[in-house]
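See structure below.
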Amino acid sequence: MSLEVVVAVALFLGVIAYAVLGGADFGAGFFDLTAGGSRRGAPTRTLIDHSIGPVWEANHVWLIYVLVMWWTAFPTSFAAAMTTLMVPLLLALLGIVLRGASFAFRKNAETMGQARLFGSIFAVSSVLTPFFLGSVAGALASGRVPAGGNGDVWTSWLNPTSVFGGVIAVGTCAFLAGVFLTTDAERGGRERLAEQLRARTLLVGIATGATVFAALIPLNLDAPTLIDGLTGRAAALMALSALGGAATLVLLWRRRYAAARPAAVLAVASVVSGWGLGQYPWILVDELTIKEAAGATATLQGLLVAVALAGAIVGPALFYLFRLTQSKEWTHQEDH
Amino acid sequence: MLASGIALHLSDVAASAPDPAGLLPARNQMALSLGWHIILACFGVAFPAIIFVMHLRGIRKNDQVALDLAKKWAKVSAVLFAIGAVSGTVLSFEMGLLWPGLMGTYGDVLGLPFAFEGLAFFVEAIFLGIYLYGWGRIPPKRHVLMVLPMAVTGIIGTYCVLAVNAWMNVPTGFNVIDGEITDIQPWKVLFNAHAFSQFAHMWVAAYMVVGFSIAGVYAVGMLRGRRDRHHRLGFIVPFIFATIAAVIQPFVGHLLGLGLGERQPAKLAAFELAETTTDGPSPLRLGGVIIDGEVKGALDIPYLGSIISQNSLTKPVPGLDTIPIEDQPPINLTHLAFQSMVGIGTMLMLAVLVYWFMRWRGTDLIGNRWFLRGAAIAGPLAVVAMEAGWIATEVGRQPWIVYGVMRTTEAAGDYTSSLWLLYGASVVLYGGMTIGAAIILRSMARRWRAGEGDLPSPYGPKRATASKGEQR
Ligand code: HEM
């Protein structure tokens, strides 16, 4: 593998991590939104507070990681994507800001009225943000971003691939979140809540799976290069993802939550990797390859040093955080 | 130096084109989002160490008041860090959205420090989660240590961001040959010569902002007659941090300013409101503006300008007359911002010195209402000084985004004046976040005063029992 490709892989690992970890945080918004009125929805919302509270900021940093790696390693493609996809990026950004701020505000709200206001902002922006991020992915993957930037502000992301990308992103996030929350609910001894979440997660999973299949036909016309890759080089990953998704559904159905979680992660991680492998060697499909877009060699090497350090420092710390949140002491419900 | 060579090479390229319509809104947008974020960033940088000291005191001396304060501060920091994190994300996007010319051209030159900053932020976010949710769940002696990594990452993160800003002021680590950027040395950017002094100044500024702001909250409480130990301790610990910072800041700032005349003569001329070069030593001009080429309303102190900025009794400050008009920054804004920063900094230093002097003489001014009033506004003043410092640095560098190498017009995107819509929306968004944060923080304080400990969420199932008081 050449240096550029190694850096691109490191960048893309960030995309995968963000899709899985950040995605699950966004998806929680779906269950928050559909939890019902303030009394009926209370257990779900408390669970969501408890389950994403300690981790959402760390998970969010994956996005920063991706942006920084992108602009440092592949500067021109970054500028091209930013100027072309300004609208969905700004909308995603708006969602990210509203989601984070109102989540923190809601947790400390005094009255039910405040909690409802911030809660609905949190939930709606959490559901919508992945749509815009997914549409950005669709734009990159279907060759909507010209190498020189300043592509069409609207059609670049309002096209079949982007719209399906967005819808699938929303569904995937919700599905992941559903699996995670169901597991958390069960581990916290909240059987009834787990049952409710399980039913809804199953529905979301089936709907998302169906959307993915429905997307294949329009994508074939709209994003031929991507489809070539997905059915060629990345076919194994796509199959793995389908398998993982199906396995998650079966495991959820049989209430094997602990096993459903890794299966869901596998499904999402492999579909995202599939996208990456599918559009290889392009960074902007049909416009700019990874090699062409790469910045200075010394900078790429420097980035790998940063990535290695991150692996050594962030890795263990993140592991410790996740282990704590999954431990017994952290699972009981009251917050301190 | 390399940079000045580049400056000669490129300075006349884009000089005469009129500003594109999208430039002014882009600059306002950046100023708003950066100016807002930097306040929260200060809390991310400086609050952890202050919380650590309080928490440690609580554990060491078995001091319930201190523990209580640390716990409350942790909850406050959770709110502040959340909006700090999302407003920082805005900046990452805006770098590309608003300044594609900069990022597309120099992304691989200036990117490495950002990568390390991202790393620092990662560690910070992780330990924030661990610390906040670790109360009562991790053994206390280990738990208190979880806040320390955040103080360290605050240093690293600040350094990295300021390294980029210092690079924009004094670009190095690359070469321009026939318009092509070559010979890129990212480590040289990360460790550029100007980075450390800019970092030191900003890092100390963060402690001033946070120390004075937190102390000010308790000063207000004391003004309203709440003079219990809780308030006195809550005041003095952050006030000590602020004191140390306020006393060293003028020196750090002075060191930062040394050599500015060589680095960025136009900026220095603007700082000093030097319209023309004087024969012999320049005065220090306090206040004043330039209208139609004439200095109005300034108070001149002879010699002092040369002494402070040139370290000399004779060498004048080179005036704007030595600088081509197209390379001059907006002089009045730069001058007033710079002097507000220095003025406030000097005042705050004197004020804390008076406090400790009186205390040493046996009078604790905490009992004095005027002192408390002053302490209450010291936080906002420090914020103003910090914002003014950024305005001085950034506006004073104009018309360059990368000094001598790239003009801000070249960096801006190809947008029309419709970018003002984005700016308008951002004003609403940031206004909303400010109001939201104010409502929430005030209501937290109110409930704490009313004796509620844990602040359960209103929809929480345990609300009824938990609000009866401390359970643990
Ligand atoms: C009291 C004496 C002070 C002096 C002599 C001083 C001096 C300076 C100088 C020379 C610069 C650099 C301008 C440039 O080269 O672009 C600067 C920037 C700055 N100052 Fe000050 N300053 C003082 C106080 C303060 C205070 C009290 C604060 C905030 C609490 C502050 C915050 C800043 C900031 C944020 C910057 C821009 C970022 C940076 O370079 O760190 N300054 N100051």
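For the stretch B:144-191, filtering for residues that are open to solvent by 10 Å² or more (accessible area, probe 1.4 Å), touching a strand residue (DSSP E or B) at 6+ places or on another chain (Cβ under 6 Å) and within 16 Å of the ligand (Cβ to nearest atom) leaves 1. Any residue at all in the stretch B:230-242 that's within 11 Å of the ligand (Cβ to nearest atom) and over 26 Å from B:Asn332 (Cβ atoms)? Scanning the stretch B:230-242, I find at least one residue that is within 11 Å of the ligand (Cβ to nearest atom) and over 26 Å from B:Asn332 (Cβ atoms), so the answer is yes.
Does A:Gly311 fit the bill of being open to solvent by 40 Å² or more (accessible area, probe 1.4 Å) and either within 14 Å of another protein chain (Cβ to nearest Cβ) or polar (S, T, N, Q) (or both)?
yes
Filtering A:Phe132, A:Phe74, A:Phe78 for residues that are over 25 Å from B:Ala438 (Cα atoms) and within 17 Å of the chain's Cα centre (by Cα) leaves a single hit, A:Phe132. From the list A:Ala147, A:Ala141, A:Ala80, the lone residue that is surrounded by fewer than 24 Cβ atoms within 10 Å (Cβ to Cβ), touching a Leu at 6+ places or on another chain (Cβ under 7 Å) and closer than 27 Å to A:Thr299 by Cα is A:Ala147. The residues in the stretch B:351-403 that are in a helix (DSSP H, G or I), more than 10 Å from the ligand (Cβ to nearest atom) and open to solvent by 30 Å² or more (accessible area, probe 1.4 Å) can be counted, and the count is 16.
For the stretch B:440-472, filtering for residues that are modelled with pLDDT of 70 or more and either of a type in the set (Phe, Trp, Tyr) or surrounded by fewer than 16 Cβ atoms within 10 Å (Cβ to Cβ) (or both) leaves 8. Would you call A:Leu277 open to solvent by 20 Å² or more (accessible area, probe 1.4 Å) and within 28 Å of A:Phe74 (Cα to Cα)? Here the answer is yes, as A:Leu277 does meet what is asked.
To keep it simple, each residue is scored yes or no on (1) outside any helix (DSSP H, G or I); (2) not hydrophobic (A, V, I, L, M, F, W, C).
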position: A:Arg255; (1), (2): yes, yes
position: A:Ala260; (1), (2): no, no
position: A:Ala264; (1), (2): no, no
position: A:Ala269; (1), (2): no, no
position: A:Ser273; (1), (2): no, yes
position: A:Leu277; (1), (2): no, no
position: A:Gly295; (1), (2): yes, yes
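Taking the criterion of being open to solvent by 10 Å² or more (accessible area, probe 1.4 Å) and more than 7 Å from chain B (Cβ to nearest Cβ), the residues of the stretch A:66-77 that qualify are A:Val66, A:Trp70.
Of the helices (runs of 4 or more DSSP H) contained entirely in the stretch A:1-68, those carrying at least 1 residues that are touching a residue at least 60 places away in the same chain (Cβ under 8 Å) and under 21 Å from A:Val307 (Cα atoms) fall at A:3-17.
Residue count for the stretch B:243-258 satisfying the condition of being within 10 Å of the ligand (Cβ to nearest atom) and open to solvent by less than 50 Å² (accessible area, probe 1.4 Å): 8. On the stretch given as the stretch B:332-350, residues that are touching a helix residue (DSSP H, G or I) at 6+ places or on another chain (Cβ under 7 Å), open to solvent by 40 Å² or more (accessible area, probe 1.4 Å) and more than 8 Å from the ligand (Cβ to nearest atom) total 2.
Within the stretch B:60-76, can you find the residues that are of a type in the set (Lys, Arg) and either buried (at least 18 other Cβ atoms within 10 Å of the Cβ) or closer than 17 Å to B:Ser457 by Cβ (or both)? Those that are of a type in the set (Lys, Arg) and either buried (at least 18 other Cβ atoms within 10 Å of the Cβ) or closer than 17 Å to B:Ser457 by Cβ (or both): B:Lys71, B:Lys72, B:Lys75. Every listed requirement among (1) closer than 25 Å to B:His335 by Cβ; (2) open to solvent by 30 Å² or more (accessible area, probe 1.4 Å) is met by B:Val220 save one, (1).
Take B:Phe338 and decide whether it is in contact with a Gly (Cβ under 9 Å, 6 or more places away or on another chain) and assigned to a helix (DSSP H, G or I). Spelling it out, B:Phe338 is indeed in contact with a Gly (Cβ under 9 Å, 6 or more places away or on another chain) and assigned to a helix (DSSP H, G or I). Residues considered: B:Gly118, B:Gly129, B:Gly101. Of these, the only one that is over 29 Å from B:Ala205 (Cβ atoms) and at the interface with chain A (Cβ under 9 Å from one of its Cβ atoms) is B:Gly101. Here the condition is being within 25 Å of B:Gly404 (Cα to Cα) and in contact (Cβ under 8 Å) with a residue 12 or more places away in the chain; of B:Ala163, B:Ala151, it holds for B:Ala163 alone.
Please tell me if A:Val153 is open to solvent by less than 10 Å² (accessible area, probe 1.4 Å) and assigned to a loop (DSSP other than H, G, I, E, B). The answer is no for A:Val153.
Could you please let me know if B:Val144 is among the β-branched types (Val, Ile, Thr), at negative phi and either more than 8 Å from chain A (Cβ to nearest Cβ) or not in a helix (DSSP H, G or I) (or both)? When the stated conditions are applied, B:Val144 passes them.
With respect to A:Ser120, is the statement that it is open to solvent by less than 20 Å² (accessible area, probe 1.4 Å) and either within 7 Å of chain B (Cβ to nearest Cβ) or in a helix (DSSP H, G or I) (or both) true?
Considered against the rule, which asks whether it is open to solvent by less than 20 Å² (accessible area, probe 1.4 Å) and either within 7 Å of chain B (Cβ to nearest Cβ) or in a helix (DSSP H, G or I) (or both), A:Ser120 comes out as no.
When the stretch B:65-93 is filtered for residues that are in contact (Cβ under 8 Å) with a residue 12 or more places away in the chain, among the aliphatic types (A, V, I, L, M) and within 11 Å of chain A (Cβ to nearest Cβ), the ones remaining, listed by number, are B:Ala74, B:Val76, B:Ala78, B:Val79, B:Leu80, B:Ile83, B:Ala85, B:Val90, B:Leu91. If you go through the stretch B:269-311 and keep only what is within 16 Å of the ligand (Cβ to nearest atom) and either in a strand (DSSP E or B) or open to solvent by 80 Å² or more (accessible area, probe 1.4 Å) (or both), you end up with B:Leu284, B:Arg285, B:Leu286, B:Ile301, B:Asn311.
The values are calculated or read from the model by the stated rules, or taken from the named source; none is laboratory data. These figures come from a predicted structure and were not determined experimentally. When we count neighbours, we look across all protein chains shown, and the Cβ atoms used for this are built from the backbone with ideal geometry, even at glycine. Please note that ligands, DNA and RNA were not included when accessible areas were found on the heavy atoms of the full protein model with its side chains. Shrake-Rupley method; radii C 1.70, N 1.55, O 1.52, S 1.80 Å.
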